[in-house]
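The block underneath contains the structure these notes are about, expressed in structure tokens.
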Amino acid sequence: MKFIHTSDWHIGRLFQNISLLEDQCHVLQQLKDYAKQHQVDALIIAGDIFDRSVPPADAVQALDKFLNEIAFELALPIIMISGNHDSSKRLGFGAEHMRLSGLHILNAVADVTRPVVIETATGPVHFYGIPYHDPVEVREAFTCEVSTYDEAHTFLVDQIKQVRDSDVPSVLISHCFIDGAEESESERPLSIGGADRVSYQPLEDFDYVALGHLHAPQYKGKAHIRYSGSLLKYSFSEYQQKKGVTLVELDNKGLVSTQHLPLKAKKDLRVIEGLLADILDQGKIDPNNEDYLFIRLQDKQDILDPLGQLRKVYPNTLQLERTQFILAKGSQLVADVSLKRTEQQVFSDFFEQVIGHELSAEQNTLLLNIIEQAKGLNEGAE
């Protein structure tokens, strides 16, 4: 059996007030192509399908269109769980009716012991889903004594272990934060102070664990306990991550292999560092000049409207940083005193950028006289 594990689509997300819906639909079509190419038996989505609990209408339409293509054009079963960005009740609307069409929405904590059974050429595989939850939800569903996220998650895993058939390969799908895994800035914290972390050890007995919530593709504890990562880069902290989905192969004895299948964004999220003049020259010939950019300028002199200049060649320059500024205590930006500039130096740089050449000796002398006169007037006023 083969299936694709993916998560954290965040359909409808805005990045610095720019809609990413077109970019998301672009990579979802690549996912569909992978499903065809590898002739998979199922698609697994480990939560955070939408970016917020009440998604915009165009996000709902985009998801509906894609799921219809998977369920009807490819005739693939789809199994999804709700994440912390989703509204589990809204996501689960009509779930029982959709189950008949091959779309399995696992959004209720009380139903974790009820597997989705997929019949394949190598025999059946049982899929168990643990949607995002907090300890209160678990206590209410099972009348049990759990007080932490780890206790609640472990309790649900134990409930599944008590009923699963050890002779049948089993896959666990969960939306959670495994302790010690790599996080990104774009992930919404599940709780304050790290109380949301859960242990990987209770998950070891499953043949594969399909995780969602963390945006970097990775495994934690054991190689079969994996995060597929998000569809796209959702913050500049993720610019070096290799986004994709995970192709998983099982046989009647358990896990055979996993493979990362890369996704190429229509507009990448990049960080560029260098001198303004060099970056402007690069932008004129860059075939990917529509990418979303964070630019770090290394210029030491004052620059007139650097963002405006950059957006002429890189229109999606979203963030700009001058590297001659350093981060000080209290996260306040302060000028590096080694780069402190005189009034004459500041105006000279400004003049050269506007006029296109340096001040003449006569103009420079005049400028110095004006600065001295201004300082004298200022001292007299005091």
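The values are calculated or read from the model by the stated rules, or taken from the named source; none is laboratory data. Quantities reported herein were computed from a predicted structural model and do not represent experimental measurements. For neighbour counting, all protein chains shown are included, and Cβ atoms are generated from backbone atoms with ideal geometry for every residue, glycine included.
Per-structure values
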| item | result |
| --- | --- |
| Candidate set from region 71-95 (those that are of a type in the set (G, A, S) and surrounded by fewer than 21 Cβ atoms within 10 Å (Cβ to Cβ)); member that is nearest to L214 (Cα to Cα) | S87 |
| Every pair of residues 6+ apart whose Cβ atoms lie under 9 Å, when the first sits in region 157-170 and is under 19 Å from F3 (Cβ atoms) while the second is in a helix (DSSP H, G or I) and not charged (D, E, K, R) | S170/I160 |
| Region 231-261, residues that are of a type in the set (S, T, Y) and either surrounded by fewer than 20 Cβ atoms within 10 Å (Cβ to Cβ) or touching a Gly at 6+ places or on another chain (Cβ under 9 Å) (or both) | S235, S237, Y239, T246, S257, T258 |
| Unmet requirement for R114, which otherwise passes all of (1) basic (K, R); (2) within 28 Å of the chain's Cα centre (by Cα); (3) not in a helix (DSSP H, G or I) | (2) |
| Matching residues, region 96-111, being crowded, with 20+ Cβ neighbours inside 10 Å, among the hydrophobic types (A, V, I, L, M, F, W, C) and not in a strand (DSSP E or B) | V109 |
| Elements of type strands (runs of 3 or more DSSP E) contained in region 283-382, each with 2 or more residues being among the aliphatic types (A, V, I, L, M) and at pLDDT below 90 | 325-327, 333-335 |
| Inter-residue pairs, beta-carbon under 7 Å, first under 21 Å from D302 (Cα atoms) and in region 352-373, second in a helix (DSSP H, G or I) and hydrophobic (A, V, I, L, M, F, W, C), 6+ apart | L359/F351; L359/L367; L367/F347 |
| Flag for E137 being assigned to a helix (DSSP H, G or I) and more than 17 Å from P202 (Cβ to Cβ) | yes |
| Tally of residues being free of Cβ contacts under 8 Å to residues at least 24 places away in the same chain and among the acidic types (D, E) across region 341-351 | 0 |
| Filter result for F142 (within 28 Å of the chain's Cα centre (by Cα) and among the aromatic types (F, W, Y)) | no |
| Residue within region 18-31 that is closer than 26 Å to A108 by Cα, touching a residue at least 60 places away in the same chain (Cβ under 8 Å) and either of a type in the set (D, E) or in contact with a Pro (Cβ under 6 Å, 6 or more places away or on another chain) (or both) present | no |
| Residues (among the hydrophobic types (A, V, I, L, M, F, W, C) and either in contact with a Leu (Cβ under 6 Å, 6 or more places away or on another chain) or crowded, with 24+ Cβ neighbours inside 10 Å (or both)) located in region 1-19 | M1, F3, I4, W9, I11 |
| Of all residues in region 243-274 being outside any strand (DSSP E or B) and among the hydrophobic types (A, V, I, L, M, F, W, C), the one that is nearest to A216 (Cα to Cα) | L263 |
| Pick from region 262-282, criterion among the aliphatic types (A, V, I, L, M) and either surrounded by 14 or more Cβ atoms within 10 Å (Cβ to Cβ) or at pLDDT 95 or above (or both), ranking: nearest to S228 (Cα to Cα) | L263 |
| Qualifying positions in region 22-42 - hydrophobic (A, V, I, L, M, F, W, C) and buried (at least 18 other Cβ atoms within 10 Å of the Cβ) | V27, L28, L31, A35, V40, A42 |
| Residues located in region 92-108, provided they are closer than 19 Å to E69 by Cβ, aliphatic (A, V, I, L, M) and at pLDDT 85 or above | L103, I105 |
